[in-house]
Amino acid sequence: MPEYDFSDKVAFVTGAARGQGRSHAVMYAENGADVVVTDICEDIDTNPYGLGKREELDETVSMIEDAGQEALAIEMDVRNEDEVEAAVEQAIDEMGKIDVLANNAGIFNAAELTEMPEQQWDDMIDTNLKGVWLCAKHVGKHFVDRGDGGKIVNTSSAAGLIASPFAGHYVATKHGVIGLTKTLALELAEYDVNVNAVCPTGVGTEMIAGFTEAYGEEMMDEMGSFSGPWSVFEGVDMVEEADISEAYMWLSSDAARYVTGIALPVDAGMTAK
Amino acid sequence: MPEYDFSGKVAFVTGAAHGQGESHAVEYARHGADVVALDIGENKETVPYDLGTDDELEATAQAVREHGQEALTVTADVSDEDEVKAAVDAALAEFGKIDVLANNAGIESVAEAVQLDEQMWDELLDTNLKGVWLCAKHVGKHFVDRGDGGKIVNTASVSGMTGIPLGNAHYVASKWGVRGLTKTLALELAEYDVNVNAVAPGAIDTPMVSGMIEAYGEEVLSQSEDLGGPFNVFPEGGMEDAQDITEAYMWLSSDAARYVTGITLPVDAGFTSK
C-alpha cells in the first residue's frame, strides 16, 4: 500500500468508535498523524441497531497509541452544534491544531417514503447531512483562522450518485453530501482547503450487519433487485473498511493538491452500471 | 508524495513523447516499473500544433532508464488497429507481459459543430475515442489471456463532464465517450480482475495546451472560463502540472484502488465543482 507522510499532522475523525471511522483513524496514525476520535456513544431511537460505544472508542484510542501516535477521544453527537463546537475547541486546545477532517459519522435505516415517521427522517438528515455541515463549519472556521490550508473528506455513498428504494432519506442525505462538498470546495478554496467526498458501496461493517439483522436479508435482496449487485467483482460482495480508508488517505495528501469538489466512488463498479 | 511499489510491473503508456504521457511514463519508472513508451512520431493534418516526435519519445525512454528501469519505444498511431496490435505484440515480445495500460494519447482542434469538416471529426474521434478502445482491446485481450488481473487508466477530461469548451464538440463528444467506454470496459473486464478507470484533467500545462493557445489564441482557455468559471479555484490560479494527473494515474494503478473501477476521477482544481 502507498505510504504517506502525515507526521506532525492532526486528523479529526467522526464516527471513529468502529467501522470505517476506526479504520481511517488508525490508518492516519499508521502514516504518522495524531488523531482526535469522536463518536456519539449512544443509540438513536429511530435507528434499529446499536451505534458505537464508549468502550469501542477507547479501543480505537489504544490502536492509535499502538501505532505510536497521540489520540484524544471525545463523545460528540454531530447533530448538536454546541457539542461539535466544544469538541473542535477541545481538539485545538489539546492538539494545537487540526489539519484534516474525516467527516465519516453516519447512520443507515429503512422505511418507504410514504410511510416514514418524521422523527426517522429528521434523525437521518441531522446526522448524515447536517452533521457533516456542522463539523465542516467548525473545523472550517479553524482552517480559515489559522491560514495554513486544510483537508476535508466527507463520506457520501454510491447512494449519493444513484438511488436505492426503501432508504429515501439516506439517499437524500448522501446526494446532499456531494452538493455540500462542492459548495464547501468553492467557498474554502481561497483558504487552500480541499474538500472532497468518498462514495463507498456496501462495506462490511457493524452498520451493514446491524441493518441486515434489523430488516432481514429479504430487504437487502429487494434493494439489490433495483440497483444490481453491490460489486461487479466475482466473489466480492462488499468492500473492506481499509479500501475506503485508502481513498481517505489519498485525498488527505499533497498528491491530491488540485483535487477538490469531487465525489470519488470506491464501489467495486456499483455506479459503473 | 506517496511511494508505490511497481517493481516487476510493466506499464504501457500511449502519447508518452511529451506532456502528461511523458510524466506518467517517468513516474511509473520512479516507482519501479519497466515502461513501453508509445507515440505517433508525426503530425496530423487537422491538428494545428506539433505532436510527439521520435526524439522526444527517446528522451522519455532515457528518463525511464535513469530511474534504473527498462524502456521500449514504439512509434504507432493509436487510431490504427494494425499498429496498435503490433505495438502490443512488441511490448509482449520485449517484456513478456503488460500490467498497466495508461491510455493517455489524445489530440485537440477547434471548429464550431456546424462548421466542423468530416476529416477533423474523424481524426479526433479516431484518436481520442477509437484509439482508447483499440489499446484497451488489445491490452485487454492480453489481460484476459494471462489471467492475472490488470489495470487500465484512460484520460478523459473535464470536457467529458461538461459541454465546455465551445468549438470543441468533437473533443467533448470523444471525452464523454471515454467515460462511457470506461464504465463498460470495467463491467466486462471485472471477471478477469481488471480495473478500468478514467482521470478527468482540467487545464494542464503541456505542449498540447500551449499548442492550442499558439494556434487559436488565449481565448481558447479564457472563453471556457467565461462560461464555466475559473479552471483553478485556488488563489494561486494558473494551470495544473502534468504531475497532478500523474499522481491520480499512480493511485488508480495501485492496489490501494483494488476495488475502484468504472469511475472518472476529476483532477481539475475545482472546475467541475461548479
Item checked: Mean projection area, nm², convex hull over Cα of the stretch B:145-192 -> 3.7 nm²
Item checked: the stretch A:72-97 and the stretch B:69-116: distance between their alpha carbon centers, rounded to Å -> 52 Å
Item checked: Solvent-accessible area per residue for the protein assembly as shown (1.4 angstrom probe, square angstrom) -> 38 Å²
Next item on the list: List the equivalent ellipsoid semi-axes of the stretch B:123-274 in whole Å, largest first, each obtained as the square root of 5λ for an eigenvalue λ of the Cα gyration tensor.
Entry: 29, 17, 12
Next item on the list: With all protein chains present, calculate the accessible area of B:Val209 using a 1.4 Å probe and round the result to the nearest 10 Å².
Entry: 20 Å²
Note to self: When a/c reaches 1.5 or more, the comparison of a/b and b/c decides; with that in mind, is the stretch A:143-186 rounded, prolate or oblate per its Cα gyration tensor?
What the structure shows: prolate
Next item on the list: Report which residues of the stretch B:1-31 become buried by 10 Å² or more of accessible surface when going from the isolated chain to the complete set of protein chains (1.4 Å probe; DNA, RNA and ligands ignored).
Entry: B:Met1, B:Pro2, B:Glu3, B:Tyr4
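Report, as a whole number in µm² per second, the diffusion coefficient that Stokes-Einstein gives for chain B at 25 °C and 0.890 mPa s using the Kirkwood radius over alpha carbon pairs. Intermediate values should be presented prior to the final figure.
Working: Rh = 18.4 Å.
Answer from the Stokes-Einstein relation: 133 µm²/s.
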Notebook entry, point to check: How much accessible area does B:Thr184 have with a 1.4 Å probe, in Å² rounded to the nearest 10?
Noted result: 70 Å²
Checklist line | Under-20-angstrom lysine pairs by C-alpha in chain B, whenever the two are 8 or more apart or on separate chains | finding: 27
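Please report, to one decimal in angstroms, the Kirkwood hydrodynamic radius of the protein assembly as shown built from all distinct Cα-Cα pairs. Show your work: numbers first, answer last.
On the way: mean 1/r = 0.0417 Å⁻¹.
Computed over Cα pairs of the protein assembly as shown, the Kirkwood hydrodynamic radius comes out at 24.0 Å.
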Next item on the list: Express in whole angstrom the spacing between the alpha-carbon centres of the stretch B:236-274 and the stretch A:119-143.
Entry: 27 Å
Next item on the list: Return the FRET efficiency for the residue pair B:Ile213, A:Gln119: r is the Cβ-Cβ distance, R0 is 51 Å, and the value is rounded to the nearest 0.05.
Entry: 0.30
Next item on the list: Would you mind classifying the stretch A:49-106 by shape? Square roots of the alpha carbon gyration tensor eigenvalues, ordered a ≥ b ≥ c; an a/c under 1.5 is rounded, otherwise it is prolate if a/b is larger than b/c and oblate if not.
Entry: oblate
Notebook entry, point to check: For the Cα atoms of chain A, what angle does the longest principal axis make with the long axis of helix A:54-66, in degrees from 0 to 90, nearest 10?
Noted result: 50 degrees
Item checked: Nearest-ten-degree value, helix A:81-95 long axis tilted from longest Cα axis of chain A -> 40 degrees
Checklist line | Cα-based equivalent ellipsoid of the stretch A:74-202: semi-axis lengths in Å, sorted from largest, via gyration tensor | finding: 28, 17, 10
Check: Can you give the three extents of the C-alpha atoms in the stretch B:105-159 along their principal axes, from longest to shortest, in whole Å?
Finding: 47, 22, 14
Next item on the list: Select from the stretch A:185-231 all residues whose loss of accessible area on going from the chain by itself to the full protein assembly reaches 30 Å² or more (probe 1.4 Å).
Entry: A:Leu186, A:Ala189, A:Asp192
Next item on the list: Identify which of B:Leu92, B:Leu124, B:Leu227 has the largest mean-square fluctuation in a Gaussian network model of chain B, with springs joining Cα atoms closer than 10 Å.
Entry: B:Leu227
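Counting pairs of Cα atoms in the stretch B:13-136, how many percent are more than 25 Å apart?
Working: 1718 of 7626 pairs.
Cα-Cα pairs in the stretch B:13-136 separated by more than 25 Å: 23 percent.
For the stretch B:175-226, what is Rg from Cα atoms divided by 2.2 N^0.38 Å, rounded to two decimals?
Details: Rg = 16.2 Å, N = 52, 2.2 N^0.38 = 9.9 Å.
Output field value: 1.64.
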Checklist line | Inter-probe distance in nm under a simple model that places probes 7 Å from Cα toward Cβ, at B:His67 and A:Glu217 | finding: 4.8 nm
Next item on the list: Calculate I(q)/I(0) for the stretch A:1-157 by the Debye formula, one identical point scatterer on each C-alpha and no solvent, and give its log10 at q = 0.11, 0.16, 0.19 Å⁻¹ to two decimals.
Entry: -0.41, -0.83, -1.13
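Taking a quarter of the surface of the convex hull around the Cα atoms of chain A, what do you get in nm²? Spell out each step's value before the answer.
Working: hull surface 53.8 nm².
Reported value for the Cα convex hull: 13.4 nm².
Taking all protein chains in place and a 1.4 Å probe, what share, in percent, of the accessible surface of the stretch A:135-234 do carbon and sulfur account for?
Numbers: 1970 of 3750 Å².
C and S fraction of accessible area: 52 percent.
What is the stretch A:6-93 by shape, rounded, prolate or oblate, if you read a ≥ b ≥ c off the alpha carbon gyration tensor as root eigenvalues and call it rounded for a/c under 1.5, prolate for a/b larger than b/c, and oblate otherwise? Walk me through the numbers on the way to the answer.
Details: a/c = 2.41, a/b = 1.42, b/c = 1.70.
Since a/c reaches 1.5 but b/c is at least a/b, the shape of the stretch A:6-93 is classed as oblate.
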Next item on the list: For the stretch B:3-85, just list the percent of Cα-Cα distances falling in each 5 Å bin from zero outward, please.
Entry: 3, 18, 27, 22, 15, 9, 4, 2, 0
Checklist line | Number of Lys pairs (Cα under 23 Å; 8 or more positions apart or on different chains) in the stretch A:1-143 | finding: 7
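Which GluC sites (Glu not before Pro) in the stretch B:75-156 pass both tests, a DSSP loop state and at most 16 other beta-carbon atoms within 10 Å?
Numbers: sites: B:Glu81, B:Glu83, B:Glu94, B:Glu108, B:Glu112, B:Glu118, B:Glu123; in loops: B:Glu108, B:Glu112.
For GluC sites (Glu not before Pro) across the stretch B:75-156 that sit outside H, G, I, E and B with at most 16 neighbouring Cβ atoms in 10 Å, the list reads B:Glu112.
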Item checked: At 1.002 mPa s and 20 °C, Stokes D of the stretch A:1-49 from Kirkwood alpha-carbon radius, µm² per second -> 182 µm²/s
Notebook entry, point to check: What number, in nm² with one decimal, is the all-direction average of the projected area of the convex hull of the alpha-carbon atoms of the stretch A:147-273?
Noted result: 8.3 nm²
Next item on the list: Would you check the accessible area of A:Lys137, probe 1.4 Å, heavy atoms only, in square angstrom rounded to 10?
Entry: 70 Å²
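State, in square angstrom and to the nearest 100, the accessible area buried between chains A and B, both chains counted, probe radius 1.4 Å. Can you show the working numbers first?
Details: alone 12060 and 11820 Å², together 20540 Å².
Using a 1.4 Å probe, the pair buries roughly 3300 Å².
The values are calculated or read from the model by the stated rules, or taken from the named source; none is laboratory data. Everything numeric here is computed off the predicted structure, so don't read it as measured data. Methodologically, a virtual Cβ is constructed for each residue, glycine included, from the backbone with ideal geometry; neighbour enumeration extends over all protein chains shown. When the accessible area is computed, the model is the full protein with side chains, heavy atoms only, and any ligands, DNA or RNA have been set aside. Shrake-Rupley method; radii C 1.70, N 1.55, O 1.52, S 1.80 Å.
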